[in-house]
1. Given the conditions (1) more than 27 Å from the chain's Cα centre (by Cα); (2) within 21 Å of residue 137 (Cβ to Cβ); (3) assigned to a loop (DSSP other than H, G, I, E, B), which single one is not true for residue 87?
2. Could you check segment 38-59 and list, in sequence order, the residues that are assigned to a strand (DSSP E or B) and closer than 13 Å to residue 128 by Cα?
3. Cβ-Cβ distance below 6 Å, separation of 6 or more or different chains: which pairs start in segment 98-110 with a residue that is open to solvent by 10 Å² or more (accessible area, probe 1.4 Å) and end on one that is part of a strand (DSSP E or B)?
4. Has segment 62-72 got any residue that is at pLDDT below 95, surrounded by 13 or more Cβ atoms within 10 Å (Cβ to Cβ) and more than 14 Å from residue 107 (Cα to Cα)?
5. Is segment 184-198 home to any residue that is open to solvent by 70 Å² or more (accessible area, probe 1.4 Å), modelled with pLDDT of 75 or more and under 18 Å from residue 27 (Cα atoms)?
6. Can you find a residue that is outside any strand (DSSP E or B), free of Cβ contacts under 8 Å to residues at least 40 places away in the same chain and open to solvent by 60 Å² or more (accessible area, probe 1.4 Å) anywhere in segment 120-130?
Amino acid sequence: MDSWSRFLLCLMTVSCCWAGCVEVDSETEAVLGHEFKIRCISCKKRGETTAVTFVEWLFKEKGTEEYDRIYIYNYPQDDVLDERFKGRLVWNGSKNTEDIQDMSVIITNVSYSHHGDYICKVNRTLTFNSHEYNTNVTKFINVTVVAKANRDIASIVSEIMMYVLIVVLTIWLVAEMIYCYRKIAAAGEEAVPENASDYLAITSDSKDNCLGEQPQV
């Protein structure tokens, strides 16, 4: 196999990896009055197997004991069941398919009443050649609502490192410009005496030639 074929094979392999499903934990801090995505991802163990998925979201507000069913999604139908989320909760998961692996939702306008514990319940029916198999997955997400976003340590360190890198690169660029300028100036100073010597030599030769030639009468 030549190098070009290997390269194409690598690209195909990477594309397949990118297309795969990865389960990522949800963010847990929502900002009052802003949009917030509650992530719920449940990957199939066998991607080639088709499935039909039904999703339920439940919520227990902070200070209460019972979970309330707030949202259901059964493609292509969905329904918001709780008044606290009416006009605020929208689907942000897999689109145009009943074989769902991303069950995320978005709260478009967060209020303090959305502070609490969420449950994402996934009911999946896998279809095989001779039978069907049902699986259930439950994910728990605790969401806190704050008046102002809190920056984590990682983002602060990253920003500091970015500014340090900009300063270092700026200093390096200035040093390179000074070095290049000095090299050019030194080369110019060496060229001037050589040019002056050449000029004097040419002038002297011209004078000798003039004195050596006598006009004929």
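1. (2)
2. Restricting attention to segment 38-59, the residues satisfying the condition of being assigned to a strand (DSSP E or B) are 38, 41, 50-59.
50, 51, 52, listed by residue number.
3. Partner pairs satisfying both residue conditions: 98/52; 99/50; 99/51; 102/41; 106/37; 106/90.
4. Yes - at least one qualifying residue is present in segment 62-72.
5. no
6. Taking segment 120-130 and keeping what is outside any strand (DSSP E or B), we get 128-130.
So of that shortlist, the ones also free of Cβ contacts under 8 Å to residues at least 40 places away in the same chain come out as 129-130.
Filter again for open to solvent by 60 Å² or more (accessible area, probe 1.4 Å), leaving 129-130.
Within segment 120-130 (the criterion being outside any strand (DSSP E or B), free of Cβ contacts under 8 Å to residues at least 40 places away in the same chain and open to solvent by 60 Å² or more (accessible area, probe 1.4 Å)), the answer is yes, since at least one residue qualifies.
The values are calculated or read from the model by the stated rules, or taken from the named source; none is laboratory data. Because the structure is a prediction, the values reported are computed rather than measured. No Cβ is skipped: glycine too gets one built from the backbone with ideal geometry, and neighbour counts run over all protein chains shown. Just the protein is used for accessible areas: all its heavy atoms, side chains included, with ligands, DNA and RNA removed. Shrake-Rupley method; radii C 1.70, N 1.55, O 1.52, S 1.80 Å.
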